[in-house]
Amino acid sequence: MTYVYVETGRAPSNFLIKTGPTYIRVRHCKPTKSMIGKITEWISKSIMEQTKKDAYIQQLSELDVDMLEQGYLTADEKISNMDMKYMICFAIDMEVDDMALLFTVQSTSIHTVRYRIKKKFRGKNMFKFLM
């Protein structure tokens, strides 16, 4: 399979996959960006206070996706979608109780997830919000 970048005049989000003699246009989206979209949707539908919802959604829109993506590469182990989901929430400094409410888990589970994510980075200070 051959990937060919297509200049569209917009962000580099389109590329072609060569499958034999034909090409298929594929729209590429960074996994972090799509996870931010999901979290934004979950927050907007949650039962949190409206002021907290607005603040979290604003912080998500200002989040540096490239910094997160580069940070994932420094992990000693694979970063799962669940890890990514929690890391995004940690990055916007979401309160543990709000995360527990959003993901329908107990607060102690959030602390355990943070500990396990920290272990995956083993002393690398890429993400200050995990410390």
Distance (nanometres) between label positions extended 7 Å along Cα→Cβ at residue 38 and residue 55: 2.6
Cβ density ranking, 10 Å radius, fewest first, applied to 66, 98 yields 66, 98
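Rank the residues 63, 73, 102, 68 as a footprinting-exposure proxy: fewest other Cβ atoms within 10 Å of their Cβ go first.
Working: 63 15, 73 8, 102 19, 68 22.
Ranked by crowding around the Cβ, least crowded first: 73, 63, 102, 68.
Each value in this text was obtained by applying a stated rule to the coordinates, not by laboratory testing. Just so it is clear, the model here is predicted, and its values are computed rather than measured. With ideal geometry, Cβ positions are generated from the backbone for all residues, glycine too; neighbour counts draw on all protein chains shown.
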